[in-house]
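These notes are about the structure you will find just below.
The values are calculated or read from the model by the stated rules, or taken from the named source; none is laboratory data. As the structure is a computational prediction, the values presented were derived from the model and not from experiment. Because the Cβ atoms are built from the backbone with ideal geometry, glycine has one as well, and the counts that use them run over all protein chains shown.
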Amino acid sequence: MASVDRALTAVERTELHTRLDRLPTTFTRVLRDLARGVAIEELLVFTAAKRFQEPEHGGLIYFLRTNDGRVFVLFDHESQDLGVQGENPLSSEFRPRVEFRITRAPQSGHVLSSTFSGPPLHLESPLDLTIPPKQWPETEEFCEIPWDDLEVRLGGNERMSH
């Protein structure tokens with residue numbers, strides 16, 4: 001049996017969309033993003049960074065203030081891996097910089113690529129993260145917590161010594 005590439009008919013496209021609508025939401029969005037072949041690219045400019053350290057393995061979560069006052073969150077996965085392996089999480093090579101270019105799929109929000117550029121941001125010692133993991137903000141997303149409220153809402157002012 002031979003196969004031939006051809007465009008879908010209107011009826012086939014309708015049927016495909018009907019079937020996609022029955023799939024779980026996130027998976028459906030990813031498939032639609034792939035079908036559209038379009039991405040959204042943002043350039044974020046950061047003015048300051050605060051990092052919090054989770055107590056179990058010492059993984060670091062960075063809260064980065066944008067030039068328009070929003071707070072963007074990034075998890076340092078390398079620091080988490082180091083802590084799990086019994087090594088010093090602070091030896092992670094992750095260093096946030098002033099500019100961050102992030103490319104996402106428009107429907108699913110899936111991050112396709114991200115990269116820092118420019119000078120590194122100044123980093124203080126990490127603060128204790130005292131809230132449970134279920135309350136942690138999502139990585140690669142903006143956080144609803146205002147910059148000046150981070151310490152009060154996420155943990156104390158005590159610095160961890162990992």
For the list (1) loosely packed, with under 12 Cβ neighbours inside 10 Å; (2) at pLDDT 95 or above, I need the number of the one condition that E158 fails.
(2)
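Residues checked against (1) surrounded by fewer than 17 Cβ atoms within 10 Å (Cβ to Cβ); (2) in contact (Cβ under 8 Å) with a residue 12 or more places away in the chain:
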| residue | (1), (2) |
| --- | --- |
| T28 | no, no |
| R32 | yes, yes |
| R70 | yes, yes |
| F94 | yes, yes |
| F116 | no, yes |
| S125 | yes, yes |
Looking at (1) assigned to a strand (DSSP E or B); (2) of a type outside the set (K, R); (3) within 13 Å of the chain's Cα centre (by Cα), can you tell me which one P137 breaks?
(1)
Conditions (1) out of contact with any His (no Cβ under 9 Å at 6 or more places or on another chain); (2) surrounded by fewer than 19 Cβ atoms within 10 Å (Cβ to Cβ) -> F100 fails only (2)
Is there a residue in the stretch 101-109 that is in contact (Cβ under 8 Å) with a residue 24 or more places away in the chain and more than 17 Å from the chain's Cα centre (by Cα)?
no
Of the listed residues (R97, R19, R70, R32), the one being modelled with pLDDT of 75 or more, among the basic types (K, R) and outside the structural domain of F142 (by TED's automatic domain parsing) is R32
Applying the selection to the stretch 69-89, what residues are more than 17 Å from K50 (Cα to Cα) and of a type in the set (A, V, I, L, M)?
L82, V84
